[in-house]
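Reading through the structure tokens given below for one structure.
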Amino acid sequence: MSRHPPIVPAAIDAAVAALRAGDVIGLPTETVYGLAGDAANAAAVARIFALKGRPADHPLIVHLGDATWLARWSRTVDPRAEALARAFWPGPLTLIVPRAAHVSDAVTGGQDTIGLRVPDHPVALAVLRAFDGALAAPSANRFGHISPTTAEHVRREFGADLRVVLDGGPCDVGIESTIVDLSRETPRVLRPGRIAVAELEAVIGRVEVGAVAASPRVSGALASHYAPRTPAELMARSSIKRAVGRADAEGERYVVLLRGEPIADVDGLTLPADASEYARNLYAALRELDAEDADRILVEAPPDGDEWAAVRDRLGRACSGPSSFEADAT
Ligand code: TXA
Ligand code: MG
């Protein structure tokens, strides 16, 4: 927590006033920055979708100030939800549960389930508790683009369209929360994150993994989500020198994202060898490389192993190339 700048009470007050007025704000969480608005205010929720350029049938995650609020936002609180909340909240875990009757279709994309989490960030918690209401907040990026992990990323993404952006320092986790769907008989991880499948299974028993065709819309499940605008390609470390040589010969401009150690005479960034530290720095690195306006980004493929599952997931999407969705995501 030492990475967070001190809380500025006047800034929290201003943010809460903006939220009460139905405005949308940039809010730091431990995972990524969110674009937050009053989950009970239809106009605020509509403004989130408009700012993000997100299709209306993609549900939002609703952020709570305390695990006891679970009962206000879900229709029934099943023991698995209670157990996971006790084990991991505040923290980077989103629970998909049956929605309470008062929850609007706008928040859930018309589904009868809702995504809920209590973020583990002092600024987010201060805002939620002072506001005393729930905040709908997707990641604070234009639809399809890379999620922001600093206040500066958010400001660059939205400029004057977003009046209030709270600065909570760089995000500790750096990638979006683990999403587990509890609305089915066997819980299922729809999006991997810092909290691993084995950690969930230690609390609630067997958990399935991966979005299924019939599962509700998870926008992170689109192939080209989290993507830089520069085409990016995953490759084994052993292939990088050859790929760079070929790009040079063809007069292509490339930048490279490596892990652990740099490679002599290869231009680019090197992220830490540790999975959590890699994840913490990944999106800032992708933004930096994207800003180089190169022809290609070459990305060293991450290792196998459970602790790399979330990074593999995000890089797999970032590197899948442009899709029709990105055309809408400018
Ligand atoms: O770490 C995070 O979760 C960040 C921070 C800001 O909290 N938020 C975030 O929100 O990643 P967003 O909107 O970018 O991604 C939310 C994901 C989407 O893939 C959405 O489809 C899924 O959660 N989701 C939300 N409600 C759902 C539901 N009822 N059923 C299935 N998926 C749901
Ligand atoms: Mg997102």
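The values are calculated or read from the model by the stated rules, or taken from the named source; none is laboratory data. It should be emphasised that the depicted structure is a prediction, and the values quoted were computed from it without experimental measurement. Don't worry about glycine lacking a Cβ; one is built from the backbone with ideal geometry, like all the others, and counts go over all protein chains shown. Keep in mind that these areas ignore ligands, DNA and RNA; they rest on the heavy atoms of the full protein, side chains included. Shrake-Rupley method; radii C 1.70, N 1.55, O 1.52, S 1.80 Å.
Scanning region 1-27 for residues that are more than 20 Å from residue 152 (Cα to Cα) and in a loop (DSSP other than H, G, I, E, B) yields 21, 22.
Of note, residue 245 does not satisfy the criterion of being closer than 17 Å to residue 313 by Cα, modelled with pLDDT under 95, part of a helix (DSSP H, G or I) and open to solvent by less than 50 Å² (accessible area, probe 1.4 Å). Examine region 192-212 for a residue that is modelled with pLDDT under 95 and either basic (Lys, Arg) or within 16 Å of ligand 2 (Cβ to nearest atom) (or both), and state whether such a residue exists. Yes: one or more hits.
Selection of first residues in region 156-174 that are charged (D, E, K, R) and of second residues that are modelled with pLDDT under 95 and open to solvent by 40 Å² or more (accessible area, probe 1.4 Å), restricted to Cβ pairs under 7 Å at least 6 apart or on distinct chains, gives the following pairs, ordered by first then second residue: 157/142; 167/5; 172/3.
May I ask you to verify whether residue 159 is away from ligand 2 (no atom under 16 Å from the Cβ), under 18 Å from residue 44 (Cβ atoms), out of contact with any Pro (no Cβ under 9 Å at 6 or more places or on another chain) and of a type outside the set (D, E, K, R)?
Details: away from ligand 2 (no atom under 16 Å from the Cβ): yes; under 18 Å from residue 44 (Cβ atoms): no; out of contact with any Pro (no Cβ under 9 Å at 6 or more places or on another chain): yes; of a type outside the set (D, E, K, R): yes.
It is false that residue 159 is away from ligand 2 (no atom under 16 Å from the Cβ), under 18 Å from residue 44 (Cβ atoms), out of contact with any Pro (no Cβ under 9 Å at 6 or more places or on another chain) and of a type outside the set (D, E, K, R).
Which one is farthest from the chain's Cα centre (by Cα), of the residues in region 143-155 that are away from ligand 2 (no atom under 14 Å from the Cβ) and touching a residue at least 60 places away in the same chain (Cβ under 8 Å)? Break it down into steps so the answer makes sense when it comes.
Quick first cut of region 143-155, residues away from ligand 2 (no atom under 14 Å from the Cβ) only: 150-152, 155.
Filter once more, keeping what is touching a residue at least 60 places away in the same chain (Cβ under 8 Å): 150-151, 155.
Working: 150: 12, 151: 14, 155: 17 Å.
Among them, the one singled out is 155.
Which one is least open to solvent (accessible area, probe 1.4 Å) among residues in region 38-60 that are in contact with an Asp or Glu (Cβ under 9 Å, 6 or more places away or on another chain) and within 15 Å of ligand 2 (Cβ to nearest atom)? Only one residue fits best here, namely 51.
When residue 160 is tested against (1) among the aliphatic types (A, V, I, L, M); (2) in contact with an Asp or Glu (Cβ under 9 Å, 6 or more places away or on another chain); (3) open to solvent by 40 Å² or more (accessible area, probe 1.4 Å); (4) under 30 Å from residue 231 (Cα atoms), just one condition goes unmet, and that condition is (2).
Applying a threshold of 8 Å to beta carbon distances and a minimum spacing of six or more residues, or different chains, the list of pairs starting in region 88-104 at a residue that is modelled with pLDDT under 95 and ending at one that is within 16 Å of ligand 2 (Cβ to nearest atom) reads 104/45. Listed by first and then second residue, the pairs with beta-carbon distance under 6 Å, at least 6 apart or on different chains, first residue in region 124-142 and under 18 Å from residue 283 (Cα atoms), second among the aromatic types (Phe, Trp, Tyr), are 140/33. The residue of region 63-84 that is surrounded by the fewest Cβ atoms within 10 Å (Cβ to Cβ), among those that are within 19 Å of the chain's Cα centre (by Cα) and away from ligand 2 (no atom under 16 Å from the Cβ), is 65.
What's the total number of residues in region 276-307 that are out of contact with any helix residue (DSSP H, G or I) (no Cβ under 7 Å at 6 or more places or on another chain), outside any loop (DSSP other than H, G, I, E, B) and open to solvent by 40 Å² or more (accessible area, probe 1.4 Å)? Final tally of qualifying residues: 5.
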